[in-house]
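Beneath this line is the structure, given in structure tokens, with notes to follow.
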Amino acid sequence: MTYELMIGQRSYSSWSLRGWLPFAVWDIPVTLRHVVFYTDGFAEKVSAFSGGSTVPAAKTPDGGVLSDSLAIAWHLAEAFPEKGLLPEAPGARAEAMSLVAEMHSGFAALRGACPMNFRTAWDGFVPDASVRADLARLEALWTHALDGSGGPFLFGAYSLADVFFTPVAARIAGYGLPVTAEARAYADRLLALPEVQDWRDAGLATDTEVPQYEIGLPRLPFPMPERGAPVNHS
Ligand SMILES: N[C@@H](CCC(=O)N[C@@H](CS)C(=O)NCC(=O)O)C(=O)O
């Protein structure tokens, strides 16, 4: 038995991406189950799988049910301590956990105004004051972590903190959000990961356009950076 993971459309489901990336990056076998937003049966399928109403949701090999991306992340970090999903040093580990938690509970304005959409970029998006405040907080968190670790990821080696900010990187790219050159470069490093490129490619190949994600601005090609090197786990 392996893990089972239920996800929505890869082009749009930011929380599904957060749930799936740890399995992909740290090479944890998983069987995917797919559901499609805005179609009949979505709620019933999710409920039958996890008892909840949102994706991602996962089942552990021994039948434990995880109905939230944060629970999936904490569980995998605990179940595979040797894989280093979180930094080892206690201070860095605490800060990484704090960033994951803040991403999970916060940035509501940014998430609301800029739904993740890997299929297109938008021309002329103007963030309002609440989105700009979220971006300022994001830059403060990223600068503190990257300056402290020296990069290339928030805590040096790739961790769950990077996983949780990957959908934000997609928003920065897709909406052309005004961030510092350092923040944009970090966002592009997240999007360059082979696993993220695979996720987007699979979404482009299998998803259909969801009209609810249309925001009424002219479209541009999504500025996906070139495929980068795999994460170094040593
Ligand atoms: N807190 C949840 C949020 C998950 C969430 O909102 N997922 C969205 C997809 S990205 C969803 O399933 N929406 C369907 C719905 O709300 O009916 C988590 O982190 O897992």
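A compact table of results
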| item | result |
| --- | --- |
| Identity of the residue in region 1-23, open to solvent by 30 Å² or more (accessible area, probe 1.4 Å) and under 15 Å from the mean Cα position of the chain (by Cα), that ends up farthest from MET103 (Cα to Cα) | ARG10 |
| Residues (more than 12 Å from the ligand (Cβ to nearest atom), open to solvent by less than 60 Å² (accessible area, probe 1.4 Å) and in contact with a strand residue (DSSP E or B) (Cβ under 7 Å, 6 or more places away or on another chain)) located in region 52-73 | LYS59, THR60, PRO61 |
| Residues (without any contact (Cβ under 8 Å) to a residue 40 or more places away in the chain and either in contact with a Leu (Cβ under 6 Å, 6 or more places away or on another chain) or part of a loop (DSSP other than H, G, I, E, B) (or both)) located in region 28-55 | PRO29, VAL30, LEU32, VAL35, VAL36, THR39, ASP40, GLY41, GLY51, GLY52, SER53, THR54 |
| ALA121 being under 13 Å from the mean Cα position of the chain (by Cα), more than 18 Å from SER16 (Cα to Cα) and either open to solvent by less than 10 Å² (accessible area, probe 1.4 Å) or outside the structural domain of MET103 (by TED's automatic domain parsing) (or both) | no |
| Given (1) in a strand (DSSP E or B); (2) surrounded by fewer than 22 Cβ atoms within 10 Å (Cβ to Cβ), index of the condition ALA92 fails | (1) |
| Residue within region 88-101 that is of a type outside the set (Gly, Ala, Ser), within 9 Å of the ligand (Cβ to nearest atom) and under 15 Å from the mean Cα position of the chain (by Cα) present | no |
| Within region 178-234, tally of residues that are assigned to a loop (DSSP other than H, G, I, E, B) and small (Gly, Ala, Ser) | 4 |
| Search result, residues across region 24-51 that are hydroxyl-bearing (Ser, Thr, Tyr), more than 13 Å from the ligand (Cβ to nearest atom) and buried (at least 20 other Cβ atoms within 10 Å of the Cβ) | none |
| Residues within region 177-202 that are open to solvent by less than 30 Å² (accessible area, probe 1.4 Å), closer than 18 Å to ALA121 by Cβ and in contact (Cβ under 8 Å) with a residue 60 or more places away in the chain, tallied | 3 |
| Residue match in region 163-173 (condition: within 21 Å of GLN9 (Cα to Cα) and open to solvent by 40 Å² or more (accessible area, probe 1.4 Å)) | no |
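Every residue, every condition in (1) in the same structural domain as PHE165 (by TED's automatic domain parsing); (2) among the aromatic types (Phe, Trp, Tyr), yes or no:
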site: SER13; (1), (2): no, no
site: TRP20; (1), (2): no, yes
site: TRP26; (1), (2): no, yes
site: TYR38; (1), (2): no, yes
site: THR54; (1), (2): no, no
site: GLY63; (1), (2): no, no
site: SER69; (1), (2): no, no
site: MET97; (1), (2): yes, no
site: PHE107; (1), (2): yes, yes
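The values are calculated or read from the model by the stated rules, or taken from the named source; none is laboratory data. Just so you know, these numbers come straight off a predicted model, no measurement behind them. Quick reminder, even Gly has a Cβ in these numbers, built from the backbone with ideal geometry, and neighbours come from all protein chains shown. For the accessible areas, the whole protein counts, side chains as well, though only heavy atoms, and no ligand, DNA or RNA atoms are used. Shrake-Rupley method; radii C 1.70, N 1.55, O 1.52, S 1.80 Å.
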